[in-house]
Structure formats: C-alpha cells, structure tokens
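A.B. asks: Take this structure first; my questions come after.
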Amino acid sequence: MNVYLKNIIRFCIIILLQVLILNNINLRWWNEPSGFPVFIPYVYPVFILLLPFETPVWALLLIGFGLGATVDTFMNTAGMHACATVLIAYLRTNVLSALLPRNLSDYDNQQPSIKSMGWMPFLTYSAFLFVIHDFTYFTIELWNLSNIGFLLLKVLASTVTSMLFIIVYLLLFTRQTSSRV
C-alpha cells in the first residue's frame, strides 16, 4: 500500500478514535470524588510519532498543526492541541537522533516502530514526547503554575494512560516478527 494512502487512513482512524470514543471517556484513577483530576487520554499524537523517519521537519510541523487543529475543532479548544502537537513534531527528529544508534537517513522507507527500534527505545521515544505534549497542553489549559502538583498529577495520569493505549495499539496493529530458533 502506498505510504501516503496508509497515513491518510491512519490519520482518519486515529482522529475518529480520539473524537468519537476517547473524548467521551472521563477517567479517574480511583473512586475518590475529590482530589484527583478527571482527564481524557490523548492518543492522537501517535500519528506524528509513527510518520516515516525521512519526513522533513517542515512537513512534520505542517502535519502536526493540521492534526492539532483538527482535534481542536472537534473539542473547541482554540489551538491548545495544535500548539502541543506542533511542539512534539518539532522535537521528534532530535529525540529520534538521540535514541537511535545510526543516522536517521540510514533507515530508508521505515517508520519508528517496535520492529525498527526495539521495545525500550520506542517506548522511551513515545513516553518522552507524550510527556512533552501533555505538559504543554495541560499548562495551557490550566494557564498557571500555582498548583504545580495538580498539573504534574494530571500529566502523569494522562501520559501513563495514553501509553497503555499505545501499547495495546502496537500489539494489535503491528506485525510481530517471528523468532526462529
């Protein structure tokens, strides 16, 4: 399948999943009605994370803005998602360069995945960018740092929950290589 068509289909599926299902789920990590923030898991940034290695930064920035603006349109959040998504799109290439042993140009026609990077580098890459995304988004949403504990708790809960969804996604929708003895 053409890489462009594959990514357009992935974009539509991820947006539909985020907007129709995940945005309607308000999560709490325990039953205590007060003290712990309600949050929505955001998995749509995985689209930026799974784009091919050779995607130029300018294209990542445009795609990140389009992705964030699309989510902002459905959630009526006035550019908060676009800001956070453009930031992780900008940082993506540097994070990949820091984590991978080879130059990014050595990964021809590949995308960041468990198969191309391994479990730990991919999860580190994903978790780092999700923390940046969630911290940026929730900082803009709360618009002050007077209650930093509340902000950090919300970022931690959202990132951990989003990473759990990403792991499930990877286990369900990526081909695993069979190991031969």
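A.B. asks: Out of Ser146, Ser97, which single residue is assigned to a loop (DSSP other than H, G, I, E, B), open to solvent by 50 Å² or more (accessible area, probe 1.4 Å) and not acidic (Asp, Glu)?
C.D. replies: One residue alone meets the criteria, Ser146.
A.B. asks: If we keep just the residues of region 149-158 that are in contact (Cβ under 8 Å) with a residue 40 or more places away in the chain and under 30 Å from Leu171 (Cβ atoms), which is surrounded by the fewest Cβ atoms within 10 Å (Cβ to Cβ)? So that I can check it myself, show each step before the final result.
C.D. replies: Here is the first cut: in region 149-158, the residues in contact (Cβ under 8 Å) with a residue 40 or more places away in the chain are 150, 153-154, 157-158.
Then keep just the ones that are under 30 Å from Leu171 (Cβ atoms); that gives 153-154, 157-158.
Values: Leu153: 17, Lys154: 22, Ala157: 19, Ser158: 23.
Here the residue is Leu153.
A.B. asks: So which residues in region 109-143 are surrounded by 14 or more Cβ atoms within 10 Å (Cβ to Cβ), small (Gly, Ala, Ser) and not in a helix (DSSP H, G or I)?
C.D. replies: The answer is Ser113, and nothing else.
A.B. asks: If you take the residues in region 21-37 that are out of contact with any helix residue (DSSP H, G or I) (no Cβ under 9 Å at 6 or more places or on another chain) and at pLDDT 60 or above, which one is farthest from Asn147 (Cα to Cα)?
C.D. replies: Ile21
A.B. asks: Name the single residue that is nearest to Trp143 (Cα to Cα) among those in region 51-69 being buried (at least 19 other Cβ atoms within 10 Å of the Cβ) and under 15 Å from the mean Cα position of the chain (by Cα).
C.D. replies: Going through the qualifying residues, I end up with Gly68.
A.B. asks: When you scan region 71-83, do you find a residue that is open to solvent by 30 Å² or more (accessible area, probe 1.4 Å), part of a loop (DSSP other than H, G, I, E, B), modelled with pLDDT under 90 and under 21 Å from Tyr4 (Cβ atoms), even just one?
C.D. replies: No, region 71-83 contains no residue that is open to solvent by 30 Å² or more (accessible area, probe 1.4 Å), part of a loop (DSSP other than H, G, I, E, B), modelled with pLDDT under 90 and under 21 Å from Tyr4 (Cβ atoms).
A.B. asks: Could you give every pair whose Cβ atoms fall below 6 Å, whose first residue belongs to region 52-73 and is free of Cβ contacts under 8 Å to residues at least 12 places away in the same chain, and whose second residue is surrounded by fewer than 18 Cβ atoms within 10 Å (Cβ to Cβ) and not in a helix (DSSP H, G or I), counting only separations of at least 6 or pairs across chains?
C.D. replies: Asp72/Gly79
A.B. asks: Here's another thing I want to ask about it. Among the residues in region 85-94, are any surrounded by 14 or more Cβ atoms within 10 Å (Cβ to Cβ), among the hydrophobic types (A, V, I, L, M, F, W, C) and at pLDDT below 95?
C.D. replies: No; the residues of region 85-94 include none that is surrounded by 14 or more Cβ atoms within 10 Å (Cβ to Cβ), among the hydrophobic types (A, V, I, L, M, F, W, C) and at pLDDT below 95.
A.B. asks: For Phe47, state whether it is open to solvent by 20 Å² or more (accessible area, probe 1.4 Å) and either at pLDDT 80 or above or not in a loop (DSSP other than H, G, I, E, B) (or both). Break it down into steps so the answer makes sense when it comes.
C.D. replies: On the way: open to solvent by 20 Å² or more (accessible area, probe 1.4 Å): no; either at pLDDT 80 or above or not in a loop (DSSP other than H, G, I, E, B) (or both): yes.
So Phe47 does not fit the description; no.
The values are calculated or read from the model by the stated rules, or taken from the named source; none is laboratory data. What you see is a predicted model; the values in this text were computed from it and never measured. Cβ sites come from the backbone with ideal geometry, for glycine too, and all protein chains shown count toward neighbours. Accessible surface is based on the protein model in full, side chains and every heavy atom, while ligands, DNA and RNA are left aside. Shrake-Rupley method; radii C 1.70, N 1.55, O 1.52, S 1.80 Å.
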